[in-house]
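Following: one structure in structure tokens, then a few remarks.
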Amino acid sequence: MSHAIDNAIVTMDGSGRLVIPKEIRRLLHLSSGSVLRPAVVGNRLELTPVEAPGPKPQRKSGLMVLPRTGQTFDAVAALAATRESRP
């Protein structure tokens, strides 16, 4: 990867939090609530984005509706999963 972020420096605060620079978040399509899987590889820390499950459909006035999240997902698969989880 040869982007302007090659020389980026990230500092950990006293609570162990890191702020990922905006350019990296943009390149990886990360937003608030994104899930990352940490791994120690040699003497490096790698953070890999994990596909978070989509929102669960909810019944409102007899209709199945999905809450707005701003994330893209497969609505048909979400409804199928909801049907399969019924007793």
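Quick notes
- Short-range pairs are left out: with C-alpha atoms under 8 Å and at least six residues apart, the relative contact order of the chain is 15 percent.
- Using a simple spin-label model with pseudo-atoms 7 Å out from Cα toward Cβ, Asp6 and Arg44 lie 1.5 nm apart.
- Ranking Ala77, Thr11, Leu28 by Cα position along the charge dipole of the chain, where only Lys, Arg, Asp and Glu carry charges on their C-beta atoms, puts Ala77 farthest toward the positive end.
- Pair-distance distribution P(r) for segment 4-50, from all Cα-Cα distances in 10 Å bins starting at 0: 21, 58, 21 percent.
- Förster radius 30 Å - calculated FRET efficiency between Ser34 and Gln58, Cβ distance, rounded to 0.05: 0.85
- Viscosity 1.002 mPa s, temperature 20 °C, Stokes-Einstein D of the chain from Kirkwood C-alpha radius, µm²/s: 131
- In the chain, the longest principal axis of the Cα atoms and the axis of helix 75-84 are about 60 degrees apart.
- The mean sequence distance of close C-alpha pairs (under 8 Å, at least 6 residues apart), as a share of the length of segment 4-50, puts its relative contact order at 24 percent.
- Dipole magnitude of the chain about its Cα centre (Cβ charges: Lys, Arg +1; Asp, Glu -1), debye to nearest 20: 480
Read-outs: derived from the displayed coordinates by stated rules, not from any lab. On a predicted model such as this, the values are computed, not experimentally measured, just so you know. Note: ideal-geometry Cβ built from the backbone for every residue, glycine included; neighbour counts use all protein chains shown.
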